[in-house]
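Here is the structure we will look at.
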Amino acid sequence: MAIQESGVVVKHDHLPVAMADGSLLAHVFQNLIGNAIKFRGSEAPLIRVNAAVRGKEWVFSKADNGIGIAAEDAESVFVIFRRLHARAEYPGNGIGLSICKKIIEQHGGRIWVESKSGHGSTFNFTLPVKVITKGGERTER
Ligand SMILES: Nc1ncnc2c1ncn2[C@@H]1O[C@H](COP(=O)(O)OP(=O)(O)OP(=O)(O)O)[C@@H](O)[C@H]1O
Ligand SMILES: [Mg+2]
């Protein structure tokens with residue numbers, strides 16, 4: 001609904017099937033995409049979701065063209081209750097990304113952000129290849 005109401009365009013590559021907790025992973029995508037909608041900039045909002053294998057990991061990335069995050073805040077945004085803006089400016093409690101971090105770490109992965117203030121952000125997270133299946137069959141690489 002948030003995607004439809006905001007007119008945000010979400011593009012994604014073919015994504016793999018994960019042997020993971022579906023509701024927890026849905027929560028990760030909902031928060032990352034929800035943040036991209038909330039912290040959008042003046043350009044028409046565009047979100048790209050990609051996934052690629054690197055060694056023994058899948059690396060997922062969600063890139064937006066929103067307001068971006070200053071390099072010095074890149075680690076603190078994953079700390080619970082940490083927000084970079086007043087609630088009057090953008091609503092929220094500062095909980096979403098800390099939960100994403102817990103969920104990804106619980107699945108054996110890592111999460112981080114690459115961003116430049118005013119130039120959009122790319123959130124990346126990994127999942128071990130062993131939790132990914134293709135066409136329902138477990139693949140070990
Ligand atoms: N895509 C983004 N672009 C710019 N800033 C972001 C983005 N995602 C997160 N942030 C910054 O990181 C902070 C923490 O994000 P987080 O999702 O944890 O909290 P929130 O969205 O403010 O509140 P909640 O998720 O609890 O509704 C945000 O308040 C915002 O300042
Ligand atoms: Mg959030």
Neighbours by Cβ (under 8 Å, 6+ apart or cross-chain): first from region 23-45, under 19 Å from W112 (Cβ atoms); second basic (K, R): F29/K62; L32/K62; I33/K62; A36/K62
Members of region 82-136 found to be surrounded by 15 or more Cβ atoms within 10 Å (Cβ to Cβ), more than 13 Å from ligand 1 (Cβ to nearest atom) and part of a loop (DSSP other than H, G, I, E, B), listed by number: H107, G109
Matching residues in region 1-46 - criterion: being open to solvent by less than 70 Å² (accessible area, probe 1.4 Å), part of a loop (DSSP other than H, G, I, E, B) and among the hydrophobic types (A, V, I, L, M, F, W, C): V8, L15, A20, F39
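Checking the conditions here, which among S42, S121, S98 is among the hydroxyl-bearing types (S, T, Y) and away from ligand 2 (no atom under 16 Å from the Cβ)?
None of the others qualify; the one that does is S42.
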Total residues in region 47-81, condition part of a loop (DSSP other than H, G, I, E, B) and in contact with a helix residue (DSSP H, G or I) (Cβ under 7 Å, 6 or more places away or on another chain): 5
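Going residue by residue through region 57-66, is there one that turns out to be open to solvent by 60 Å² or more (accessible area, probe 1.4 Å), within 28 Å of I132 (Cα to Cα) and in contact (Cβ under 8 Å) with a residue 24 or more places away in the chain? Working first, answer last.
Our first condition is that a residue be open to solvent by 60 Å² or more (accessible area, probe 1.4 Å); within region 57-66, this holds for none.
Looking for residues that are open to solvent by 60 Å² or more (accessible area, probe 1.4 Å), within 28 Å of I132 (Cα to Cα) and in contact (Cβ under 8 Å) with a residue 24 or more places away in the chain, one finds none in region 57-66, hence no.
The values are calculated or read from the model by the stated rules, or taken from the named source; none is laboratory data. Just so you know, these numbers come straight off a predicted model, no measurement behind them. Cβ coordinates were reconstructed from backbone atoms using ideal geometry, including for glycine residues, and neighbour counts include every protein chain displayed. Accessible surface areas use protein heavy atoms only, side chains included; no ligands, DNA or RNA. Shrake-Rupley method; radii C 1.70, N 1.55, O 1.52, S 1.80 Å.
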